[in-house]
Amino acid sequence: MFKSRFLLLLILIMGATACQNTGKGGEKGGPYSTDFQQKANNPEFLHAGVRRIIDIIRYDIFAPPIAARIFTYSTIAGYEAMVPGFPEYQSLAGQVNGLTPVPQPEAGKEYCFPLAGTNAMLIVGKALVFSEGQVEELKEDIFDQFKAMNMPPEVYDRSMAYGEMVAKHILAWSKQDNYAQTRSAPKFTIDTKDPARWRPTPPMYADGLEPHWNEIRPWVLDSAGQFKCDPPVPFSTQKGSPFYKQAYEVYTTVKNLTPRDSATAWYWDDNPFALEVSGHLSFGRKKISPGGHWMLITSTACRNAKADIMKSAEAYVRVACSLADGFISCWDAKYKTNLIRPESYINQYIDPEWTPLIQTPPFPEHTSGHSTVSAAAAASLTYTFGDNIPFTDSTEVEFGIPPRSFKSFNEAADEVGMSRLYGGIHYLRGNMAGLKNGREIGKYVYDKLKLKK
């Protein structure tokens with residue numbers, strides 16, 4: 001079923017092709033131009049491709065920061081390979097950190113740039129996920145769909161080769177971001193003497209996730225610490241202290257949840273892998289990551305705005321960069337503040353039997369990662385499509401959760417912040433600080449990226 005769904009979605013992508021001539025003045029030419037150009041401007045094919053990447057990331061269980069990295073390199077590869085066919089857009093070279101100009105198509109030759117972009121996106125996606133075999137074994141059949149569209153063989157070959165050239169350039173760039181070096185970096189050292197510091201939480205008691213993520217090269221930010229978050233409440237175990245009160249707020253909130261509150265917590269859970277334990281049995285539950293959730297909201301925003309294929313590509317790149325830099329900034333704060341989670345504090349100082357509604361993820365408290373990246377993505381979407389844009393999100397339907405409607409992207413992000421309190425996994429302070437930081441990052445990323453000439 002996984003393979004057949006994969007094939008169906010990517011066949012849709014391949015149907016969207018626009019052959020263009022890169023001759024003098026960038027005129028479109030050749031006997032196939034009009035026909036292919038009309039088919040190329042269907043953004044549904046791009047949306048289907050992004051959805052496929054999201055599904056593979058979920059299948060392979062990538063941590064949220066790593067998932068955002070995959071989204072960013074993949075969408076940039078697709079965007080860069082399509083830019084020569086859309087002269088009103090410009091390359092990201094020199095705008096995102098470390099990206100040099102990509103190879104250019106040969107002047108005077110006809111290309112199918114959506115085919116090149118699709119190939120570039122799939123090559124990069126394949127290189128960055130584990131399930132690359134599922135891409136490779138279907139690749140020949142998928143790209144046969146282009147040949148069946150009466151595309152001249154030389155245009156097909158030239159376009160595929162150009163997509164591969166761009167993909168290789170993007171992958172070479174990706175290898176310079178320090179990701180490989182962090183794979184062998186030391187584990188996070190748990191401070192067992194200071195009661196204010198983070199410690200592993202049940203049921204997995206896992207090590208701190210990606211403690212060196214602030215060492216990854218940012219995409220648009222100058223550095224991981226460029227945007228400073230509001231500090232956490234000073235730690236204290238004294239009853240009546242501000243810290244004790246905020247922990248007690250989490251405690252009482254979870255004990256008195258309304259059905260709506262519980263549904264909100266589960267709606268934005270977005271835990272890529274939660275270990276469920278029942279007696280002596282345990283099993284894993286996979287869900288779409290926070291970044292994947294917002295990439296799907298981006299698909300909805302594009303559809304609602306009737307955005308064409310390049311406007312959609314622009315939106316994906318902006319949101320992906322905001323998510324990726326949001327994770328870097330947030331993880332810098334998390335491991336520097338190294339603050340105890342509500343579950344650990346409440347169990348030790350308030351109620352040893354208390355459990356959160358949703359599973360506490362394995363990294364420090366401050367700030368909330370989901371709040372940070374949601375606010376960053378919401379800001380990016382707001383600046384791209386406008387404020388107070390209503391939408392309905394159906395991301396969680398496949399997990400048995402009904403759609404939710406929002407008056408704006410920022411309203412959705414605000415709900416994410418509250419969902420972490422309802423879920424019992426964050427103090428309100430961490431959520432609010434994350435939302436504030438994320439909005440600053442999203443605006444900065446939007447202002448820095450000049451995609452149109």
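Confirm whether Val254 is touching a residue at least 40 places away in the same chain (Cβ under 8 Å) and over 30 Å from Val317 (Cα atoms).
Yes.
Kindly provide the set of residues from the stretch 287-333 that are in contact with a Phe, Trp or Tyr (Cβ under 7 Å, 6 or more places away or on another chain), assigned to a loop (DSSP other than H, G, I, E, B) and charged (D, E, K, R), ordered by number.
The answer is Lys287, and nothing else.
Hey, can you tell me all the residues within the stretch 195-230 that are within 18 Å of Gln181 (Cα to Cα) and either open to solvent by less than 30 Å² (accessible area, probe 1.4 Å) or part of a loop (DSSP other than H, G, I, E, B) (or both)?
Within the stretch 195-230, Gly208, Leu209, Glu210, Pro211, His212, Trp213, Ile216, Arg217, Pro218, Trp219, Ser223, Ala224 qualify.
Among the candidates Gly434, Gly430, Gly438, Gly442, which residue alone is out of contact with any helix residue (DSSP H, G or I) (no Cβ under 6 Å at 6 or more places or on another chain), part of a helix (DSSP H, G or I) and either buried (at least 24 other Cβ atoms within 10 Å of the Cβ) or basic (Lys, Arg) (or both)? Even if it seems obvious, please write down each step before you answer.
Details: Gly434 fails: out of contact with any helix residue (DSSP H, G or I) (no Cβ under 6 Å at 6 or more places or on another chain); Gly438 fails: out of contact with any helix residue (DSSP H, G or I) (no Cβ under 6 Å at 6 or more places or on another chain); Gly442 fails: out of contact with any helix residue (DSSP H, G or I) (no Cβ under 6 Å at 6 or more places or on another chain).
Matching residue, one of Gly434, Gly430, Gly438, Gly442: Gly430.
Looking at (1) more than 14 Å from the chain's Cα centre (by Cα); (2) at pLDDT below 95; (3) not aromatic (Phe, Trp, Tyr), which one does Cys302 not meet, given that it meets all the others?
Of the numbered conditions (1) more than 14 Å from the chain's Cα centre (by Cα); (2) at pLDDT below 95; (3) not aromatic (Phe, Trp, Tyr), the odd one out for Cys302 is (2).
As an exercise: evaluate Ile56 against (1) within 19 Å of Thr118 (Cα to Cα); (2) modelled with pLDDT under 85 and give the number of the one condition it does not meet.
(2)
Filter the stretch 129-157 for residues that are modelled with pLDDT of 80 or more, open to solvent by 30 Å² or more (accessible area, probe 1.4 Å) and within 13 Å of Ile53 (Cα to Cα) and give the result.
Phe130, the sole residue that qualifies.
What number of residues within the stretch 231-243 are surrounded by fewer than 20 Cβ atoms within 10 Å (Cβ to Cβ) and in contact (Cβ under 8 Å) with a residue 12 or more places away in the chain?
Of the residues in the stretch 231-243, 4 are surrounded by fewer than 20 Cβ atoms within 10 Å (Cβ to Cβ) and in contact (Cβ under 8 Å) with a residue 12 or more places away in the chain.
The conditions are (1) of a type in the set (Gly, Ala, Ser); (2) within 17 Å of the chain's Cα centre (by Cα); (3) farther than 30 Å from Gly85 by Cα, and Ser408 fails exactly one of them. Which is it?
It is condition (2) that Ser408 fails.
Take the residues in the stretch 291-328 that are out of contact with any helix residue (DSSP H, G or I) (no Cβ under 6 Å at 6 or more places or on another chain) and of a type in the set (S, T, N, Q); name whichever of them is least open to solvent (accessible area, probe 1.4 Å).
Filtering the stretch 291-328 for residues that are out of contact with any helix residue (DSSP H, G or I) (no Cβ under 6 Å at 6 or more places or on another chain) and of a type in the set (S, T, N, Q), the one least open to solvent (accessible area, probe 1.4 Å) comes out as Thr300.
Count, please, the residues in the stretch 232-251 that happen to be in a loop (DSSP other than H, G, I, E, B), small (Gly, Ala, Ser) and within 15 Å of Ile340 (Cα to Cα).
Count: 1.
Which of the residues belonging to the stretch 206-230 are touching a Pro at 6+ places or on another chain (Cβ under 9 Å) and touching a residue at least 60 places away in the same chain (Cβ under 8 Å)?
Within the stretch 206-230, the first condition is being touching a Pro at 6+ places or on another chain (Cβ under 9 Å), and the residues that meet it are 206-213, 216, 224, 226.
Of everything in the stretch 206-230, those that are touching a Pro at 6+ places or on another chain (Cβ under 9 Å) and touching a residue at least 60 places away in the same chain (Cβ under 8 Å) turn out to be Ala206, Asp207, Gly208, Leu209, Glu210, Pro211, Trp213, Ile216, Ala224, Gln226.
Output the residue which, of all residues in the stretch 334-359 that are among the polar types (S, T, N, Q) and either open to solvent by less than 10 Å² (accessible area, probe 1.4 Å) or assigned to a helix (DSSP H, G or I) (or both), is nearest to Asn271 (Cα to Cα).
Selected residue: Ser344.
What about Glu415, is it open to solvent by 50 Å² or more (accessible area, probe 1.4 Å), modelled with pLDDT of 95 or more and outside any loop (DSSP other than H, G, I, E, B)?
Values: open to solvent by 50 Å² or more (accessible area, probe 1.4 Å): no; modelled with pLDDT of 95 or more: yes; outside any loop (DSSP other than H, G, I, E, B): yes.
Answer is no for this residue.
Taking the condition of being without any contact (Cβ under 8 Å) to a residue 40 or more places away in the chain and among the acidic types (Asp, Glu), how many residues in the stretch 405-446 meet it? Please lay out each step first, then the result.
Within the stretch 405-446, the first condition is being without any contact (Cβ under 8 Å) to a residue 40 or more places away in the chain, and the residues that meet it are 405-408, 410-411, 414.
Right, trim to among the acidic types (Asp, Glu) and you get 411, 414.
Final tally of qualifying residues: 2.
Checking Glu398 against (1) touching an Asp or Glu at 6+ places or on another chain (Cβ under 8 Å); (2) surrounded by fewer than 17 Cβ atoms within 10 Å (Cβ to Cβ); (3) not basic (Lys, Arg): exactly one of these is not met. Which one?
Condition not satisfied by Glu398: (1).
The values are calculated or read from the model by the stated rules, or taken from the named source; none is laboratory data. The structure presented is a predicted model; accordingly, all values stated were derived computationally and were not measured. Positions of Cβ are backbone-derived with ideal geometry, glycine not excepted, and every protein chain shown enters the neighbour counts. Please note that ligands, DNA and RNA were not included when accessible areas were found on the heavy atoms of the full protein model with its side chains. Shrake-Rupley method; radii C 1.70, N 1.55, O 1.52, S 1.80 Å.
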